[in-house]
Amino acid sequence: MKSKRPVISLSIVFIIGLAIRGVCTDAPKTGRSEEASGWFLPSIGSGIGDWSVSVGAFAGESELHLRNLQVQGDVDVAPGLRAHAVVRSNRRINGLGGFRPHLDESYLEGYSFYRSSSGVLSSSVKVGAARYLRFPYPDAISLFDQAPALSDLDGAGFVRTDVDRETGYNGALVTLDYAHTSGFGAHYTGIKWGFGRHGNGNTIEGYGFFRKDIGSIHFEARGGRLQVRPEPLGRSETGYNTFLGVNKGQYAVGLLYERLRSQPQYTGIMVRFTPSRITRAFGKVAFDYDRNPQGIAVQLPLLMGSIGGLSRTAPEDAELVGEISAERFRTFWQNGQVRNHYEHRVSSWGETNEPGLKVVVDEVPWTLEYEAIYSPHVLLKDSLSDFERERQGPAHVTQKVTYRFYRTSSSDGDVPCFSK
């Protein structure tokens with residue numbers, strides 16, 4: 001029972017967050033200037049968010065399974081503080097029988113950004129169970145990061161022990177990132193393990209980086225402590241990796257090379273797809289082709305809704321005074337199981353802090369945007385069959401979201417707060 005108490009506590013906090021309306025804070029008005037300098041604590045309003053229900057399915061040559069019935073929800077608690085949960089109906093790798101809810105993800109996140117003319121400092125602290133590492137926004141190299149595996153699920157061939165049944169980044173996860181306008185920067189991610197994961201604190205990533213676009217060419221390099229790819233995730237080694245890609249409109253392709261101490265050389269290839277009816281159809285159902293076992297996996301949406309005052313329709317005769325742009329990511333790579341969800345809030349303008357503003361969300365369809373595969377073989381040196389035999393890598397479905405803030409003539413003070 002002891003190991004369940006933190007998870008239960010987080011669930012209670014999440015439920016409380018649904019009802020919070022908070023006390024308004026005095027934040028300076030920034031006008032309509034794009035990306036204003038200073039601290040930015042993203043918020044769409046205390047007690048405001050969304051939820052969805054979906055179910056997974058897998059079809060192979062001689063098998064058909066329903067699985068991974070899940071409820072996902074996000075809610076803002078206060079400026080720069082939000083609660084998140086992904087709850088599945090059972091812990092089975094296949095099948096819906098036996099109702100035993102399990103929290104794939106459940107955490108509180110405090111996050112902030114400091115913008116200046118020289119760069120952006122980003123910080124995030126997650127407390128709970130998480131299965132997604134990237135912050136503040138995935139660069140090309142991080143697209144190759146795999147999602148935590150499935151060995152914590154019943155029927156996955158896992159031998160039960162009392163140690164590390166969980167496979168995610170469970171505990172207190174701290175991320176700091178500074179990106180200078182020159183392209184240079186530094187990134188750190190550390191964790192104090194907990195919530196079912198045993199161990200002390202350690203560094204997962206701690207590196208310097210350089211990113212640069214030259215026309216249609218995109219280059220990235222990292223050096224320092226980088227996360228190793230073999231499981232269990234959360235360990236690091238010293239070394240470096242590089243990425244070289246070509247952007248053509250909304251389509252892109254690029255190559256990864258990685259060398260870490262005591263690890264094999266890795267190479268990989270990433271493709272960003274041009275949005276189309278096919279990629280949107282695949283994105284809506286999180287379509288994935290799996291090799292072991294061989295078959296087709298999907299995550300089918302069933303229901304969705306809003307929490308608090310979030311609307312999907314703009315009020316009549318209202319003035320648009322500000323926006324927050326965001327992008328949601330879900331990743332999956334092994335067995336096609338979708339077990340994470342993260343919303344990056346990436347830019348803003350105007351007023352998002354004024355009491356009485358109406359929040360309207362505009363969501364474009366989910367799309368299958370990236371495939372990023374890697375292997376402990378060197379492309380163009382080793383055979384393609386060797387590369388393919390041991391390749392891994394996540395697929396990414398994304399959804400671009402815009403939160404629009406409207407001032408209406410009927411606004412009064414008895415409404416959620418906003419801060420920028």
With label points set 7 Å from each Cα along the Cα-to-Cβ direction at S116 and V271, the distance between them in nm comes to 4.3 nm
If I ignore ligands, DNA and RNA and count only protein heavy atoms, how much of R165 is accessible to a 1.4 Å probe, in Å² to the nearest 10? 40 Å²
Net charge near H396 (other residues with Cβ under 15 Å of its Cβ; Lys, Arg +1; Asp, Glu -1) is +2
For the Q294, S409 Cβ pair and Förster radius 56 Å, calculated FRET efficiency rounded to 0.05 is 0.40
Probe radius 1.4 Å, ligands and nucleic acids left out: which of D104, D213 has the largest accessible area, and how do the rest follow? D213, D104
Going by a ≥ b ≥ c, the root eigenvalues of the Cα gyration tensor, does the stretch 273-420 fall in the rounded group (a/c under 1.5), the prolate group (a/b larger than b/c) or the oblate group? prolate
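Please report the relative contact order for the chain, taking Cα pairs under 8 Å with a sequence separation of at least 6, and give it as a percent rounded to a whole number. If you can, show how the numbers build up before the last one.
On the way: 1152 pairs, mean separation 73.3, N = 420.
Answer for the chain is 17 percent.
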Need one value: the accessible area of K400 in square angstrom, 1.4 angstrom probe, rounded to the nearest 10. 100 Å²
Expressed in nm to one decimal, what extension gain is obtained for the pair I278 and F184 from 0.36 nm per residue of sequence separation less their Cα-Cα distance? 30.2 nm
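Once neighbouring chains are kept in place and the probe is 1.4 Å, which whole percent of the accessible area of the chain is contributed by carbon and sulfur? Mind showing how you got there, number by number?
Details: 11140 of 18850 Å².
Ligands and nucleic acids excluded, carbon and sulfur reach 59 percent.
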Give, in nm to one decimal, the length gained when the segment between T203 and S262 is fully stretched (0.36 nm per residue of separation minus the Cα-Cα distance). 19.5 nm
Inter-label distance for T402 and S37, nm, one decimal - labels placed 7 Å from Cα along Cα-to-Cβ: 2.8 nm
Tilt relative to the chain, helix 5-19 - C-alpha long axis, 0 to 90 degrees, to 10: 30 degrees
For I307, tell me the accessible area in Å² from a 1.4 Å probe, rounded to the nearest 10. 20 Å²
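Return the subset of K212/K284; K126/K284; K248/K284; K284/K381 for which the Cα-Cα distance in this structure is over 26 Å, preserving the input order.
K212/K284; K126/K284; K284/K381
FRET efficiency for D154 and L64, Cβ-Cβ distance as r, R0 = 30 Å, nearest 0.05? Kindly include the intermediate steps, with their values, before the conclusion.
On the way: r = 19 Å, r/R0 = 0.63.
For R0 = 30 Å, the calculated efficiency reads 0.95.
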For a protection proxy built on the mean count of beta-carbon atoms within 10 angstrom, sort 326-332, 270-276 highest first, please. 326-332, 270-276
Using only Cα atoms, locate the centre of the stretch 69-88 and the centre of the stretch 95-124, then give the distance between them in Å, rounded to an integer. 8 Å
Hey, what's the chain come to in accessible area per residue, 1.4 Å probe, Å²? 45 Å²
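Using a 1.4 angstrom probe on the protein heavy atoms only, could you order D317, D50, D362 from most to least accessible area? Intermediate values should be presented prior to the final figure.
Values: D317 145, D50 15, D362 70 Å².
So, going from the largest accessible area down, we get D317, D362, D50.
Can you check what the net charge comes to around A314, using other residues whose Cβ is under 11 Å from the Cβ of A314 (Lys, Arg +1; Asp, Glu -1)?
-1
Taking the Cβ of L133 as the center, what net charge do the other residues with Cβ under 11 Å away carry, scoring Lys and Arg +1 and Asp and Glu -1?
Numbers: positive: K126, R131, R134; negative: D145, E205.
Once positives and negatives cancel, what remains is +1.
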Taking the dipole of the stretch 47-100 about the Cα centre (Lys, Arg +1; Asp, Glu -1; charges at Cβ), the one of A83, G97, N68 that reaches farthest to the positive side is G97
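The values are calculated or read from the model by the stated rules, or taken from the named source; none is laboratory data. Note that this is a predicted model, so its numbers are computed, not measured. FYI the Cβ positions are ideal-geometry reconstructions off the backbone, even for glycines, and counts take in every protein chain you see. Each accessible area value is taken on the protein alone, full model and side chains, heavy atoms only, with ligands, DNA and RNA left out. Shrake-Rupley method; radii C 1.70, N 1.55, O 1.52, S 1.80 Å.
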